[in-house]
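Chemist: Mind looking over this structure? Questions follow.
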Amino acid sequence: MLEILTATEMRAREQVAIESGGVTGLDLMERAGRAVVDAVFAEWPELAQTPQTAAVLCGPGNNGGDGFVIARLLKAWGWEVGVYLYGDPERLPPDARINHDRWCAMGSVHDLAQASVEGLKVALMVDALFGTGLRRPLEGVAQQGLNQVAARVVAVDLPSGLCSDSGRVLGTVSNAVRAALTVTFHAPKLGHVLADGPAVCGRVMVADIALAAQAGGAVRLVAPPDAQSLTKAETAHKFGHGHALILTGGAGTTGAARLAARAALRIGAGVVTLGVPPSAQMEVAAQITALMLRRIEDGKTLYAALTDKRITALCLGPGMGTARARDLVPVVLRHESAPRVVLDADALTAFADAPETLFGLLHEGCVLTPHGGEFARLFPDIAARLAAPATQGPAYSKVEATREAAKRAGCVVLLKGADTVIAAPDGACAIHAAAYGRAAPWLATAGAGDVLAGFVAGLLARGFPPMQAAETAAWLHGECARCFGPGLIAEDLPEVLPKVLRALPDQAARASSRMSALLANSNPST
Ligand SMILES: NC(=O)C1=CN([C@@H]2O[C@H](COP(=O)(O)OP(=O)(O)OC[C@H]3O[C@@H](n4cnc5c(N)ncnc54)[C@H](O)[C@@H]3O)[C@@H](O)[C@H]2O)[C@@H](O)CC1
Ligand SMILES: [K+]
């Protein structure tokens, strides 16, 4: 499990370490500064060859303190270093003040408000203006500082202007430093993977500053699934792996459900049946082979079908039509056999006028997989809060929004995006970040969401608990897209899954090293 922290959790870890007496805040600041210098030389080895020029922009807090350490270390390497402080040296917090004074013994500090840094020609720009303490949008000279065009910009902890808990740039997106490299400490922060984070961080390296490992933070990054959890026991028969029932819409609109069904079958559900209205029976029958077909005309036939205890999960929504969804979703959710259910697409939109009706029926065996638009239909107030401009840090985040939605719905909610957030009503939360080394831009294609719903349904049918089903499906979905690469269309996702599954043991190892490249680790520096 790769932990990912909020600013508060990071501060708490620092506090525990300091209170244990093993380390001081000053030690941690020294390690942080040294780790940034090490990371710069690792990223740009040419800079280690001969002394260069750097501008270090220091802010009024401890992020600025890290900046003074970096300036001192670069100077010790023979570099020509200009230091620019945004704020009053008298008001620096104690450790930052000590490092400010240490630097003053080696060089001068320019007041960023007085000295123009525009047009400076330096090999390296160090952004140490703000880190986890950012509270409002950058303005005035701080903003001027970020308009600098340097060949290489390294951000200390976070690009200044980026909110560490939400990944949102406070103010407008142009109000943040665009870094080529971001060096953060101990663990990545939510802001590195959510929202605008990946667009402004460049490459992210996680530097070990020798803080003791502790129980994980409240949010996790989705990890590659354990290959063992996806294998099939040699002795089990098909119903031992569950039976997923996927309802289609009428004639001409069955493609989405067929995609979901194929995905459910590929991910290992033992049996997958498409439940079709009479009008679509011929169309679906002509298209399928390994999939089964059953007439599900109305609530009555569906109710009767569900008395078959071997049906362990359903997928409702893709191409279903809102009228059919309005009729059939309640039948499934009220059924005494309480099968696990994925609700997607039309099954969510069908309740846009009365989300409370849906919430009253949902249970903990359900998973909702909305995209942003469907989410806004069911949770308009939460979506409005998330869409409101971010003017104060920490800003309202997709993590908070998804958690709130899961609590209200009473089931797991997977809110799609390049930053997919998955939350359970008890607050459990994981992020699947299709960013950095795991970017999957070809996933933005029609039908990809139907396949994801099918993956979740297949895993639920196999007996995966809802949260694990959603996380595993999200990871495999992203991995399939990455494995196929350019030219991907939705049909390819289930077809490439066997290759992804076969590679899983190695894949897991490779993915974790890829994650550490996104989130690359460096060694403790002291
Ligand atoms: N927590 C930890 O374990 C460690 C923290 N370190 C560094 O400390 C940083 C956090 O330090 P701080 O909590 O002092 O926070 P920051 O240094 O990020 O900034 C806080 C200061 O900036 C002011 N401020 C916030 N937004 C502003 C804006 N838009 N315009 C003007 N002023 C603004 C605040 O009033 C406060 O004075 C981390 O990002 C990291 O760089 C490292 O030294 C190593 C260890
Ligand atoms: K910074």
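Chemist: For residue 309, go through the lysines and keep the ones whose alpha-carbon is under 18 Å away, minus same-chain ones fewer than eight residues off.
Modeler: Answer for residue 309, where 18 Å is the Cα cut-off: 238, 300, listed by chain and number.
Chemist: Right, next: Give a residue-ordered list of calculated ³J(HN,Hα) values for the range 97-111 (Karplus: 6.51 cos²θ - 1.76 cosθ + 1.60, θ = phi - 60°; whole Hz; x for Gly, Pro).
Modeler: Karplus-based 3J(HN,Hα) across the range 97-111 equals 5, 4, 6, 4, 5, 4, 5, 4, 6, 10, x, 9, 10, 8, 7 Hz.
Chemist: So, R0 is 51 Å and r is the distance between the beta-carbons of residue 308 and residue 381; what FRET efficiency does that work out to, to 0.05?
Modeler: Details: r = 40 Å, r/R0 = 0.77.
So, using R0 = 51 Å, E works out to roughly 0.80.
Chemist: Separate question: Using alpha carbons only, how many angstrom separate the centre of the range 45-89 from the centre of the range 162-228?
Modeler: The range 45-89 and the range 162-228 have Cα centres separated by 23 Å.
Chemist: Just to check, using Stokes-Einstein with a Kirkwood Rh over alpha carbon pairs, what's the diffusion coefficient of the chain at 4 °C and 1.567 mPa s in µm²/s?
Modeler: For these conditions, the coefficient is 53 µm²/s.
Chemist: Also, I was wondering about something else. Roughly what angle does helix 62-76 make with the longest principal axis of the chain, taking Cα atoms, 0 to 90 degrees, to the nearest 10?
Modeler: Roughly 60 degrees, rounded to the nearest 10.
Chemist: Now for a different question. Over the chain, what is the relative contact order in percent, taking alpha-carbon pairs closer than 8 angstrom and at least six residues apart?
Modeler: This gives 15 percent for the chain.
Chemist: Using only the Cα atoms of the range 227-518, build the gyration tensor, take square roots of its eigenvalues as a ≥ b ≥ c, and label the shape rounded, prolate or oblate: rounded if a/c is under 1.5, else prolate if a/b is larger than b/c, else oblate.
Modeler: Taking the square roots of the gyration eigenvalues as a ≥ b ≥ c, the range 227-518 is oblate.
Chemist: Which value at 222 nm does the chain reach when only helices count, each DSSP H run of 4 or more adding -39,500 (n - 2.57), with the total divided by all residues and rounded to the nearest 500 deg cm²/dmol?
Modeler: -12000 deg cm²/dmol
Chemist: Using a 1.4 Å probe on the protein chains only, how many percent of the accessible area of the chain belongs to carbon and sulfur?
Modeler: With neighbouring chains kept in place, the figure for the chain is 53 percent.
Chemist: What does the highest-first list of 402-408, 246-252 look like by mean Cβ count within 10 Å?
Modeler: The peptides rank, most packed first, as 246-252, 402-408.
Chemist: Equivalent ellipsoid semi-axes for the range 2-217, as square roots of 5 times the alpha carbon gyration tensor eigenvalues: give them largest first, rounded to whole Å.
Modeler: 24, 20, 17
Chemist: Suppose every K and R has +1 on its Cβ and every D and E has -1 on its Cβ; what is the size of the dipole of the chain about the Cα centre, in Debye to the nearest 20?
Modeler: Here the size comes out at about 1060 debye.
Chemist: Could you point to the residue in 394, 17, 281 farthest towards the positive end of the chain's charge dipole, with +1 and -1 charges on the Cβ of Lys/Arg and Asp/Glu respectively?
Modeler: Projecting each Cα onto the dipole axis, the largest value belongs to 281.
Chemist: What FRET efficiency, computed as 1/(1 + (r/R0)^6) with R0 = 56 Å and r the Cβ-Cβ distance, is obtained for residue 90 and residue 444, rounded to the nearest 0.05?
Modeler: Numbers: r = 51 Å, r/R0 = 0.91.
For residue 90 and residue 444, the calculated efficiency is 0.65.
Chemist: To continue, here is another question. Take each of the peptides 290-299, 270-279, 487-496, average the number of other beta-carbon atoms within 10 Å over its residues, and list them starting from the highest.
Modeler: So the peptides 290-299, 270-279, 487-496, ranked by packing, come out 270-279, 487-496, 290-299.
Chemist: How far is it, in nm, from the label point at residue 49 to the one at residue 338 when both lie 7 Å from their Cα along the line to the Cβ?
Modeler: 6.7 nm
Chemist: Please give, to one decimal in nm, the separation of the simple spin-label points placed at residue 239 and residue 292, each 7 Å out from Cα toward the Cβ.
Modeler: The modelled label-to-label distance comes out at 0.9 nm.
Chemist: Near residue 416, which lysines are there with a Cα under 26 Å away, not counting those fewer than 8 places off in the same chain?
Modeler: The qualifying lysines are 189, 398, 407, 499.
Chemist: Quote the relative contact order of the range 2-217 in percent (integer), defining contacts as alpha-carbon pairs under 8 Å separated by 6+ residues.
Modeler: Answer for the range 2-217 is 21 percent.
Chemist: Still on this structure, please answer the following. Kindly identify the range 1-115 as rounded, prolate or oblate by the Cα gyration tensor criterion: order the square roots of the eigenvalues as a ≥ b ≥ c, call it rounded if a/c is under 1.5, otherwise compare a/b with b/c, prolate if a/b is larger, else oblate.
Modeler: oblate
Chemist: Give me a comma-separated list of calculated 3J(HN,Hα) values for the range 168-181, in order, Karplus coefficients 6.51, -1.76, 1.60 applied at θ = phi - 60°, integers in Hz, x for any Gly or Pro.
Modeler: 9, 6, 6, x, 9, 4, 6, 7, 9, 5, 9, 8, 8, 9
Chemist: Can you compute the FRET efficiency between residue 121 and residue 363 using 1/(1 + (r/R0)^6), with r the Cβ-Cβ distance and R0 = 56 Å? Round to the nearest 0.05.
Modeler: E(calc), rounded to 0.05, equals 0.35.
Chemist: Another question, then. Check residue 367: other-chain or 5+ apart residues with amide H under 5 Å from its amide H, H built from backbone geometry?
Modeler: Sorted by chain and number, the residues that satisfy this are 341, 342, 343.
Chemist: Let me ask you something else. In whole Hz, what ³J(HN,Hα) sequence does the range 355-372 give by Karplus (6.51, -1.76, 1.60; θ = phi - 60°), x for Gly and Pro?
Modeler: Result, rounded to whole Hz: x, 4, 4, 5, 4, x, 9, 5, 9, 6, x, 9, 9, 9, 10, x, 8, x.
Chemist: Specify the angular offset, from 0 to 90 degrees and rounded to the nearest 10, of the alpha carbon long axis of helix 322-334 from the longest principal axis of the alpha carbons in the chain.
Modeler: That helix lies at roughly 90 degrees to the long axis.
Chemist: Quick one: net charge of residue 106's neighbours, Cβ under 10 Å, K/R +1, D/E -1?
Modeler: +3
Chemist: Given 4 °C and 1.567 mPa s, how large is the Stokes-Einstein diffusion coefficient of the range 166-282 in µm²/s, with Rh as the Kirkwood radius over Cα pairs?
Modeler: 68 µm²/s
Chemist: Please report how far the C-alpha centroid of the range 1-43 lies from that of the range 331-394, rounded to the nearest whole angstrom.
Modeler: 38 Å
Chemist: Any idea of the accessible area per residue across the range 300-368, 1.4 Å probe, to the nearest Å²? Mind showing how you got there, number by number?
Modeler: Values: 2710 Å² over 69 residues.
It amounts to 39 Å² per residue over the range 300-368.
Chemist: Give, in nm to one decimal, the length gained when the segment between residue 77 and residue 16 is fully stretched (0.36 nm per residue of separation minus the Cα-Cα distance).
Modeler: My answer for the length gained is 18.6 nm.
Chemist: On a straight-distance basis, which lysines could pair with residue 75 in a cross-link, Cα separation under 28 angstrom, same-chain partners fewer than 8 positions away excluded?
Modeler: 121
Chemist: Please compute the contact order of the range 227-518 in relative form: average sequence separation of alpha-carbon pairs under 8 Å and at least six residues apart, divided by the residue count, as a percent.
Modeler: Over the range 227-518, the number comes to 19 percent.
Chemist: Right, something else. Can you tell me the accessible area per residue over the range 120-233, all protein chains present, probe 1.4 angstrom, in square angstrom?
Modeler: Value returned for the range 120-233: 33 Å² of accessible area per residue.
Chemist: Of the beta bridges DSSP finds with both residues in the range 35-126, what % are antiparallel, to the nearest 5? Can you show the working numbers first?
Modeler: Numbers: 0 of 12 bridges.
Percentage antiparallel, nearest 5: 0.
Chemist: Any chance you could give the angle, 0 to 90 degrees and rounded to 10, that helix 466-484 forms with the longest Cα principal axis of the chain?
Modeler: The angle comes out at about 80 degrees.
Chemist: Among all cysteines in the chain, which have no other cysteine Cβ under 4.7 Å from their own Cβ?
Modeler: That list is 58, 104, 163, 201, 315, 429, 480, 483.
The values are calculated or read from the model by the stated rules, or taken from the named source; none is laboratory data. On a predicted model such as this, the values are computed, not experimentally measured, just so you know. Neighbour counts run over all protein chains shown; Cβ positions are idealised from the backbone, glycine included. The area values use the complete protein model at the heavy-atom level, side chains included, leaving out ligands, DNA and RNA. Shrake-Rupley method; radii C 1.70, N 1.55, O 1.52, S 1.80 Å.
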